[in-house]
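Student: My questions will all concern the structure given below.
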Amino acid sequence: MIKNDKWIKKMSFEHRMIEPFEGKQVRDGKISFGTSSYGYDMRLSNEFMFIKKELKGKVLDPKKPHEKLFKNIKVEDYIEISPNSMVLGKTIEYFRIPKDILAIAFGKSTYARCGIFVNITPFEPEWEGYVTISIANISSVSVRVYVNEGIAQVLFLETGDICEISYADREGKYQKQKTIALAKV
């Protein structure tokens, strides 16, 4: 069952499921964020990692990630993503997923209409941390992506049975991540 805005608010206030939490949907000239009817629009922080320009043509191997291929930056208001490239970002919100919930994030349609593809894996039961987000520009022009505004919507799905072994139980490799996390094997 998909959880509604009342459940999301309750879990965030009583169990710190999302921090900081915005209890209403904020727009006012911004790409919307906060609580929606059946989800939560998470925001993009101002921290990013991108592949260094001088290393284009090198191979990025998920089994051998190398931080030296990436450059860390912080921006004030937005980042411009070059055509056919990607950056890694992270959320402003810190998530704590209950054991009987699976959360799935989807990119916002506002950015999809500009050629931005947001790829985020599901948030498993009892996973917690800041979400690392891959933001790819599949268009032929640069696209501006705004910080402190919505980047993706999270839907919370209640499971019929509690899982036997949660992400926390198996000590998942991305548990409690505080920074942008590169691939780990």
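The values are calculated or read from the model by the stated rules, or taken from the named source; none is laboratory data. Remember, it's a predicted structure, so these values are computed and weren't measured experimentally. As a convention, Cβ positions derive from the backbone with ideal geometry for all residues, glycine included, and neighbour counts pool all protein chains shown.
Student: Tell me whether the range 87-97 contains one or more residues that are farther than 22 Å from V147 by Cβ, buried (at least 17 other Cβ atoms within 10 Å of the Cβ) and either in contact with a Phe, Trp or Tyr (Cβ under 7 Å, 6 or more places away or on another chain) or at pLDDT below 95 (or both).
Tutor: Looking for residues that are farther than 22 Å from V147 by Cβ, buried (at least 17 other Cβ atoms within 10 Å of the Cβ) and either in contact with a Phe, Trp or Tyr (Cβ under 7 Å, 6 or more places away or on another chain) or at pLDDT below 95 (or both), one finds at least one in the range 87-97, hence yes.
Student: State whether the residues of the range 151-162 include one that is closer than 30 Å to E54 by Cβ and without any contact (Cβ under 8 Å) to a residue 12 or more places away in the chain.
Tutor: no
Student: Something else now. Select from the range 1-24 the residues that are basic (K, R), out of contact with any Ser or Thr (no Cβ under 8 Å at 6 or more places or on another chain) and surrounded by fewer than 17 Cβ atoms within 10 Å (Cβ to Cβ) and write down the one among them that is nearest to I97 (Cα to Cα).
Tutor: Selected residue: R16.
Student: Which members of the range 123-142 meet the condition of being buried (at least 19 other Cβ atoms within 10 Å of the Cβ) and either of a type in the set (A, V, I, L, M) or free of Cβ contacts under 8 Å to residues at least 40 places away in the same chain (or both)?
Tutor: F123, V131, I133, I135 - these are the residues of the range 123-142 that are buried (at least 19 other Cβ atoms within 10 Å of the Cβ) and either of a type in the set (A, V, I, L, M) or free of Cβ contacts under 8 Å to residues at least 40 places away in the same chain (or both).
Student: Another question about this same structure. Might you let me know whether the range 64-79 holds any residue that is in contact (Cβ under 8 Å) with a residue 12 or more places away in the chain, surrounded by 15 or more Cβ atoms within 10 Å (Cβ to Cβ), acidic (D, E) and not in a loop (DSSP other than H, G, I, E, B)?
Tutor: Checked against the condition, which is being in contact (Cβ under 8 Å) with a residue 12 or more places away in the chain, surrounded by 15 or more Cβ atoms within 10 Å (Cβ to Cβ), acidic (D, E) and not in a loop (DSSP other than H, G, I, E, B), the range 64-79 yields no hits at all.
Student: Hey, can you tell me all the residues within the range 12-27 that are touching a residue at least 40 places away in the same chain (Cβ under 8 Å) and under 21 Å from Y146 (Cα atoms)?
Tutor: I18, E19, P20, F21
Student: Right, next: So which of G89, G115, G107 ends up being without any contact (Cβ under 8 Å) to a residue 40 or more places away in the chain and not aliphatic (A, V, I, L, M)? Lay out the reasoning, then the answer.
Tutor: Details: G89 fails: without any contact (Cβ under 8 Å) to a residue 40 or more places away in the chain; G107 fails: without any contact (Cβ under 8 Å) to a residue 40 or more places away in the chain.
Residue meeting the stated conditions: G115.
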